[in-house]
Amino acid sequence: MSQAIPATTSTGQPVLILKEGSSQTKGRDAQSNNIFAAKLIAEIVKTSLGPRGMDKMLVDTLGDVTITNDGATILKEIDVQHPAAKMVVEISKTTDQEVGDGTTSAAVLTGALLENAEELIRKDVHPTIIVDGYSKASDKALEYLDKIAIKVPATDKKWLQKIAKTSMASKLISGDSEMLSQIAVDAISSVLEQNAEGGYSVDLDNVKVEKKSGGSIGDTKLIKGIVLDKEVVHAGMPKRIEEAKIALVNSPLEIEKTEFSAEIRINDPTQMKRFLDEENSMLSAMVDKLTAVGANVVICQKGIDDVAQHYLAKKGVLAVRRAKESDLTKLAKATGARIVTNLDDLTEKDLGYAALVEERKVETDKWVFVEGSKNPKAVTILVRGGSQRVVDEADRSMHDALMVVKDVVEHPSVVVGGGATESELSFKLREWSNSLSGREQLAVQKFADALEVIPLTLAENSGMDPIDTQVELRSKHGQGKKWWGVNCLQGKVSDMEAEEVYEPAAVKQQIVRSSAETAGMILRIDDVVASGKSKAPPGPPPGAGGMGGMGGMGGGMDY
Ligand code: ADP
Ligand code: MG
């Protein structure tokens with residue numbers, strides 16, 4: 001286990017290399033500690049894999065509850081201390097950012113790769129050989145993946161919807177996946193753009209997801225336009241404008257106050273009146289500039305003075321203040337408006353167009369909807385659901401669905417889910433390993449075994465017998481039935497292509513590549529030097545001890 005660095009010279013003089021309180025763990029100890037910690041993380045998320053996976057309830061230090069099935073969210077919420085465990089959390093995060101789905105699988109596969117490596121290490125296979133074998137196996141697996149992947153038309157809504165549905169199958173909201181996946185596909189289809197190479201690209205910034213608890217998930221809607229969670233600023237303003245001409249302003253419609261404190265002495269009431277009149281006429285002039293060019297809707301990123309509000313209302317203009325900068329950018333894209341800072345520069349051409357701008361009540365709040373713009377390059381998905389937790393999880397699932405659809409639009413190539421792809425890759429790798437020899441062969445075989453953990457975990461989570469499943473899957477893949485996998489919903493092994501469970505090839509690529517890299521990185525470590533903490537390590541936060549065996553990983557442990 002860990003120890004302070006005991007370095008002494010030949011004369012017995014102690015030499016201090018590391019700061020007092022530092023600890024070092026070497027060799028086998030370091031390796032097995034790291035592997036143990038990483039495996040533990042995989043263990044936590046394992047039971048949540050697939051459509052029959054369980055959800056996790058996470059309670060943070062403030063008592064806030066999150067209920068989720070999303071690997072990345074689970075790992076983000078738990079406070080992991082061990083450096084090797086952190087690396088596993090990291091890949092699930094990267095997977096989430098890169099491809100949006102497959103976060104649980106990446107953690108599970110990394111855990112399996114490490115567990116299998118440990119067996120080889122116990123048999124005295126040097127970690128370097130395992131790392132090399134793993135790296136070769138991962139390259140080969142990616143090659144096979146490319147070969148078996150099915151090329152699809154990038155913008156075919158039917159295909160895209162199947163992809164979105166698979167990503168939602170494992171979530172709380174799976175019952176509504178038909179409708180939600182349609183929304184995800186429609187959203188992406190409205191914002192995709194053809195790029196120079198003849199392919200398509202998607203900027204997810206153009207899809208705004210707003211959530212509001214209340215109603216049911218079935219009330220989730222796609223709005224071709226932008227929704228602002230702000231109300232119309234003045235009661236006297238119209239609440240609905242058709243044929244809207246929209247001015248986007250990112251400076252305040254107020255009189256700027258001086259930075260320094262000034263004192264104005266007034267000794268005559270008429271002077272006071274003049275002073276106020278002057279302010280009023282400046283504000284009125286601002287409003288005039290807006291209406292002169294024909295604006296009947298004003299969205300301002302900053303404040304709008306009461307007096308300016310009054311003048312705007314009198315002229316029948318609908319105005320919103322303190323809109324988010326990101327919303328202004330989206331509005332600019334959607335309506336074709338230009339964001340202006342100086343009102344003197346405003347011309348008619350800077351105005352955007354929308355068929356309808358309207359304030360509507362969403363539960364207890366009032367929101368402004370901007371719909372029917374000429375070029376609806378920005379859209380909003382308004383996620384609804386019975387409670388805040390449901391809405392939050394629906395929002396996360398919507399994110400996954402949007403990401404997988406984007407993956408396929410950008411890289412139009414898919415594979416079959418339910419562990420069929422992993423089984424096939426595993427089978428092919430085992431076949432290929434026959435051409436290798438010695439310890440390298442062992443490492444490649446262990447890699448193949450690790451891939452099988454995905455279908456086997458799916459089976460286990462669906463209450464199926466893992467051994468029977470393994471035998472059956474191997475025999476089917478041996479007969480060339482490459483898309484046979486675990487049919488979680490029916491609890492049997494079957495042709496998952498017939499079930500139309502498709503996933504982006506990009507997601508599987510990311511899972512294989514990042515898991516192999518992370519496992520390799522962890523295996524290559526044989527020395528952990530932890531610097532001493534300047535203060536006493538904080539105890540685990542209240543409630544943290546309850547997270548699936550994480551109690552031992554709190555502060556102050558040996559690495
Ligand atoms: P991840 O975070 O890795 O995406 P999920 O909990 O979303 O984890 O589960 C994804 C796994 O579930 C994938 O392997 C996928 O193929 C599988 N899956 C999804 N839908 C089905 C289905 N209808 N039948 C069997 N497996 C499915
Ligand atoms: Mg998923």
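The values are calculated or read from the model by the stated rules, or taken from the named source; none is laboratory data. Predicted model, so just to flag it, every value in this text is computed and none were measured. Cβ atoms come from the backbone with ideal geometry, glycine included; neighbour counts cover every protein chain shown. Keep in mind that these areas ignore ligands, DNA and RNA; they rest on the heavy atoms of the full protein, side chains included. Shrake-Rupley method; radii C 1.70, N 1.55, O 1.52, S 1.80 Å.
Laid out as a table, the results:
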quantity: Linear extension gain, Asn195 paired with Gln271, 0.36 nm per residue minus alpha-carbon span; calculated: 21.1 nm
quantity: Equivalent ellipsoid semi-axes, the range 70-113, via Cα gyration tensor eigenvalues times 5, rooted, Å; calculated: 15, 12, 8
quantity: Accessible-area composition of the chain, carbon plus sulfur, in percent [1.4 Å probe]; calculated: 49 percent
quantity: Taking only Cα atoms of the chain, radius of gyration then Dmax in Å; calculated: 29.8, 102
quantity: Listed peptides 322-333, 243-254 by packing density, highest first (mean Cβ within 10 Å); calculated: 243-254, 322-333
quantity: Where labels lie 7 Å past Cα in the beta-carbon direction, separation of Ile467 and Lys158 in nm; calculated: 4.4 nm
quantity: Shape parameters for the range 454-500, alpha-carbon atoms, Rg then Dmax in Å; calculated: 9.7, 26
quantity: Shape call, the range 367-428: gyration tensor on alpha carbons, a/c limit 1.5; calculated: oblate
quantity: R0 of 41 Å, Cβ-Cβ distance Asp345-Ser135: FRET efficiency to nearest 0.05; calculated: 0.10
quantity: Projected area averaged over orientations for the range 329-457, convex hull of C-alpha atoms, nm²; calculated: 14.8 nm²
quantity: Cα-based radius of gyration of the range 144-264 once divided by 2.2 N^0.38 Å, which approximates compact folds; calculated: 1.64
quantity: Per residue, in Å², the accessible surface of the range 59-216 once ligands and nucleic acids are set aside, probe 1.4 Å; calculated: 42 Å²
quantity: Simple spin-label estimate for Glu410 and Val529 in nanometres, 7 Å along Cα-Cβ; calculated: 3.9 nm
quantity: The chain, relative contact order in percent, only Cα pairs under 8 angstrom and at least six apart counted; calculated: 26 percent
quantity: Euclidean distance between Cα centres, the range 223-242 to the range 63-141, Å; calculated: 47 Å
quantity: Simple label model, 7 Å out from Cα along Cβ direction - Ser435 to Leu356, nm; calculated: 6.3 nm
quantity: Cβ crowding within 10 Å averaged over residues, with 387-393, 407-413, 146-152, 227-233 ranked highest first; calculated: 407-413, 227-233, 387-393, 146-152
quantity: Which listed pairs, of Lys208/Lys492; Lys147/Lys171; Lys157/Lys211, have C-alpha distances above 32 Å, in listed order; calculated: Lys208/Lys492
quantity: Global geometry of the range 328-379, whether rounded, prolate or oblate, following the gyration tensor of its Cα atoms and the 1.5 cut on a/c; calculated: prolate
quantity: Chain lengthening between Asp203 and Ser326 when straightened (0.36 nm per residue, less Cα-Cα); calculated: 42.9 nm
quantity: With 10 Å bins from 0: P(r) over the range 106-159, alpha-carbon pairs, percent; calculated: 20, 34, 24, 14, 8, 1
